[in-house]
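Values quoted throughout were computed directly from the atomic coordinates according to the rules given, and no laboratory measurement underlies them. No experiment lies behind these values; they were computed from the predicted model shown. In this analysis, Cβ positions are derived from the backbone assuming ideal geometry, glycine residues included, and neighbour counts consider all displayed protein chains.
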Amino acid sequence: MMSLEQYEAIGLWLGLGILYLFIVLAIRDVLKKSNAPKLGQFFVWLVLFLSPAVFIIKSVVPYFIE
């Protein structure tokens, strides 16, 4: 049986994943419709994919520090 904290953690990760997916789809649509240069598009995607990486690293690092 799962505890309430486990349900909350799963819900947080699923919710953030779904929200991130919608953000990716929206940004992809905007970049498709705009005449943004390729370098600008590269930096948009770079920032978009580095932001969740920082969140994941922030969640994982405390386990290795303890």
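Assorted remarks:
- Listed by first and then second residue, the pairs with beta-carbon distance under 8 Å, at least 6 apart or on different chains, first residue in region 12-37 and touching a residue at least 12 places away in the same chain (Cβ under 8 Å), second surrounded by 11 or more Cβ atoms within 10 Å (Cβ to Cβ) and of a type in the set (A, V, I, L, M), are 23/48; 24/48; 27/44; 27/48; 31/44.
- Residue that is surrounded by the most Cβ atoms within 10 Å (Cβ to Cβ), among those in region 1-43 that are polar (S, T, N, Q) and outside any helix (DSSP H, G or I): 34
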